[in-house]
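Reviewing the structure listed below.
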Amino acid sequence: MLVQSSFLEIETKLGVIGIELDCANAPLTSDYFLRLAGIGALDGTSFFRIVTSSNNSYNPDIPIHVVQGGRMDDAPEVVPPIKHEPTNETGLSHKKWCVSLARYGIGETYGSFFIVMRDEPELDYGGARHPDKQGFAVFGKVTTGKKNVKAMFLKAEENEFLTNRIQILTARCIHQL
């Protein structure tokens, strides 16, 4: 039987966040994230970046509001990078509470993800936030613990990369449909 969705819990110092992965529309990206969680690769990492309109240094002309966590780009690769699943192929979009995969170039994933705090169409395929206009791969949405994510977002600092990171204690798949 084909898995339509999986549910993960990410336990942080600020509480638990529940995420529903859209395995039907973003199968490669969902599977990648499940493999990271399954081998414990997200345990002990952190939410390390909070981007707001006032601290957006990467591309200040196109401000975004996101909370980013998981593996840092300099961490050793534990799950091979995957093919990019752009929003024009999945039908998903960067709406408030979606979860998306961070990347550099196409197929250059490194185990980091972000939660969108408001609708961000510039992160979709064709959007101007990434120079190649391929956007980022949405693969899920926050379903529980939104107040915990809001509390994280309020911990934004002057620089988008946090000095006081928010530890991810565990990330576990709790069930699949």
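What follows draws every value from the coordinates through simple rules; no lab data is involved. As the structure is a computational prediction, the values presented were derived from the model and not from experiment. Neighbour counts are summed over all protein chains in view; Cβ atoms, including those assigned to glycine, are modelled from backbone coordinates with ideal geometry.
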Checklist entry - Given only helices, namely DSSP H runs of n ≥ 4 each adding -39500 (n - 2.57), what is the per-residue ellipticity at 222 nm of the chain, to the nearest 500 deg cm²/dmol? => result -3500 deg cm²/dmol
Checklist entry - Could you give the alpha-carbon Rg of the stretch 5-176 over 2.2 N^0.38 Å, rounded to two decimals? => result 0.93
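Just to confirm a number: summing +1 for Lys and Arg and -1 for Asp and Glu over residues other than Q176 whose beta-carbon lies under 14 angstrom from that of Q176, what do you get?
-2
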Checklist entry - Is there a pair in K133/K155; K13/K147; K96/K150; K95/K146; K96/K146 whose C-alpha atoms are over 19 Å apart, and which pairs would that be? => result K133/K155
Checklist entry - Taking a point 7 angstrom from the Cα of Y58 along the C-beta vector, which residues in the stretch 15-48 have backbone N less than 19 Å away? => result 29-30, 33, 45-48
Checklist outcome for this item: Expected max-MSF residue from S100, S112, S54 in the GNM of the chain (alpha carbon, under 10 Å) is S54
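When a/c is below 1.5 the answer is rounded, else prolate if a/b is larger than b/c, else oblate, so apply that to the stretch 124-177 with a ≥ b ≥ c taken from the square roots of the Cα gyration tensor eigenvalues.
Values: a/c = 2.22, a/b = 1.12, b/c = 1.99.
Verdict is oblate for the stretch 124-177.
Sorted from fewest to most neighbouring beta carbons within 10 Å, what does the list T109, T143 look like? Each step should come with its number before you reach the end.
Details: T109 26, T143 14.
Neighbour counts put them in this order, fewest first: T143, T109.
Checking the a/c ratio against 1.5 first, then a/b against b/c, what shape does the Cα gyration tensor give for the stretch 1-107?
Numbers: a/c = 1.45, a/b = 1.21, b/c = 1.19.
Rounded, because the longest to shortest axis ratio a/c is under 1.5.
Provide the net charge surrounding G135, with neighbours chosen by a C-beta distance below 11 Å and charges set as Lys +1, Arg +1, Asp -1, Glu -1. Please report the intermediate quantities before stating the final value.
Values: positive: R103, R129, K133; negative: E85, E89, E120, E122, D124, D132.
Its environment carries a net charge of -3.
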Next on the checklist: If you average the alpha carbon positions of the stretch 96-170 and of the stretch 5-58, how far apart do those two centres end up, in angstrom?
Outcome noted: 9 Å
Checklist entry - Quick one: net charge of T109's neighbours, Cβ under 15 Å, K/R +1, D/E -1? => result -3
